[in-house]
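Heads up, the thing below is written out as C-alpha cells.
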Amino acid sequence: YKRVLLPEFWVINTRCAPLCNDLDRGFEKLTFQRWCADTKCFIDETRDSYLVAQSQLPTLMYVHGNSLDHEKALVSAWKIYERVKVCPGRKLMVLWSWPAEPVYKRPLLTPVKLVRKNIQTKYRYAERQGYYLAKMTQLMSKQHPLTLGGHSFGAVTALCATHYLGGGQLNGYTLAGGSTEQQYNLRISLISPALDNDHLYPGHRYEMALYPVEKLHTTFSTEDATLKRWPNYSFRGCEAMGYTGIRASRLGVNAHKLCQQRLTEDVGRSHYLKEHLASVQMISQLCNTAFNTLPTAAGSSSSSRSFGVPSVNVQEVIQAPVKVLAPFGS
C-alpha cells in the first residue's frame, strides 16, 4: 500500500488559565504546541502560527474527558490520532488539554460524596472551558471542516462552545458576535457524552448549541455502566445523553442535524475510549463528520472530497490494538 499521510498534531493547553472567572483575560494565557515527527518532541508555537496551520486543513479538535492530567490526556488524544489515520486525506488533530484532575482528595467526606463533589466541580470547569473554546473557534478558519469533538466531559465543553457561538448565555457569559446563523463546515462529534440528556432541547441549558453547526454526531450505549449512575451526579437528577441518547423529535428546527449512533453492541458496558475506538461504525462516522471521507478498503475509490489521498486497508488499521507510538510518558 502507499504510505498514509499522517495527521498533523497540535496541543492547545488551558491549564494555566483561570478556571471560572476572568475568562476573557484567561484566554490570552492559552499555550500552543506542535508535534514534530522528525525530532519526536513538541515545539512551542503561537496562536497565530496555529491559526495559519489550521486554515489549511480539515481539523478535529478533541476535548478529553474527566480526571486526566496533561500526560494522560496526551495518551488519550494519541489513541484517537492513530484511529483517524484511516480517514483519507490531509488533516489536523488538536488536543484541547484542560484541568480535569481530581480537585478534592482528602476531605472529611464519604467516598460517594467525594466522587459527587469532584464530578460536579469538574462539570463546572468543563462548562467554562466552553467559553475558551468558543472564542478559539471564532478565530479558526471554516474553509475546511472544523469539528469540535469530545469524550465524556469533553462533550460538555464542545456543546457549551457552540451554545455561546449560537448566541446563548451561560454562567454569566455571552460571546460577542454569537449568532444563530449556521456556520458552514462547523460540526460536533461526541463520544459517550456525560451530561443531562435534555440539555439540547429548546428551553433547556444548551438550547442554542445546534444553531451554528451543520451536524451533530453523537454516540450512546444503553449499557454504559459509568453513565448509568449519572442521575446520582447530575445537578437535576437526569439521565445522561450518552446513556439514553437524544430524542430527535424534541430538537425542534435543528432535528435534521442529528446523526446518532447506538453503540451498545460494540462497546457494551464500557464508557471508555478503547472500546469506542475499536468500533468500525463509529470510526467511519467520525471520518465522515470531521473530514468528509470514509475509511476505504485498499483498491476502492475514496470520497470526492478526500483531498486525493490513496485509500487504506481500514480493517487492518482499525482492528489493530490501540497503542501509543509517541513518547507520551512511560
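The values are calculated or read from the model by the stated rules, or taken from the named source; none is laboratory data. These numbers were taken from a predicted model, which means no experiment stands behind them. Here Cβ is always computed from backbone atoms with ideal geometry, including for glycine, and neighbour counts include all displayed protein chains. Side chains included, ligands, DNA and RNA excluded: accessible areas come from the protein's heavy atoms. Shrake-Rupley method; radii C 1.70, N 1.55, O 1.52, S 1.80 Å.
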Grab the other residues whose beta carbon is less than 11 angstrom from that of Gln169, score K and R as +1, D and E as -1, and report the net.
0
Sorted by accessible area (1.4 Å probe), largest first, how do Ile43, Ile283 line up?
Ile43, Ile283
Select from segment 71-157 those trypsin sites (Lys or Arg not before Pro) which occupy a DSSP coil region and have at most 11 other Cβ atoms within 10 Å, ordered by residue number.
Lys105
Scan segment 199-264 for trypsin sites (Lys or Arg not before Pro) in coil per DSSP, keeping those whose Cβ has at most 16 other Cβ atoms within 10 Å, and list them by number.
Arg236, Arg247
Quick one: accessible surface of His163, probe radius 1.4 Å, all protein chains present, in square angstrom to the nearest 10.
10
Give the cysteines in the chain for which no other Cys Cβ lies under 4.7 Å away, or write none if there are none.
Cys16, Cys20, Cys36, Cys41, Cys160, Cys238, Cys259
Can you list the aspartates and glutamates whose alpha carbon is less than 18 Å from that of Lys113, not counting same-chain residues fewer than 8 positions off?
Glu101
For the chain, set up a GNM with springs between Cα atoms under 10 Å and report which of Cys259, Cys36, Cys160 has the largest fluctuation.
Cys36
Quick one: length gained pulling Asn232 to Leu139 fully straight, 0.36 nm per residue minus the C-alpha distance?
29.7 nm
Contour minus end-to-end for Leu6 and Leu114, with contour as 0.36 nm per residue of separation and end-to-end as the Cα-Cα distance?
34.7 nm
Want the number for Ala225 to Asn21: 0.36 nm per residue separation, take away the alpha-carbon distance, what's left?
70.1 nm
Taking a straight Cα-to-Cα line shorter than 19 Å from Lys79, and setting aside same-chain aspartates and glutamates fewer than 8 residues away, one finds Glu8, Asp69, Glu71, Asp266, Glu275, Glu316
Which chymotrypsin sites (Phe, Trp or Tyr not before Pro) in segment 171-222 sit in a loop by DSSP (not H, G, I, E or B) and have at most 12 other Cβ atoms within 10 Å of their own Cβ?
Tyr184
DSSP bridge orientation in the chain - percent antiparallel, rounded to nearest 5
30
Give or take rounding to whole Å, what are the principal axis extents of the alpha carbon atoms in segment 96-226, in descending order?
50, 33, 29
In the Gaussian network model of the chain, springs joining C-alpha atoms below 10 Å, which of Gly149, Gly203, Gly130 carries the largest mean-square fluctuation?
Gly203
Gaussian network model of the chain, Cα within-10 Å springs - most flexible of Glu181, Glu239, Glu207
Glu181
Relative contact order (percent, whole number), segment 106-208, Cα cutoff 8 Å, 6+ residue spacing
28
For the chain, what is the relative contact order in percent, using Cα pairs closer than 8 Å and at least 6 residues apart in sequence?
18
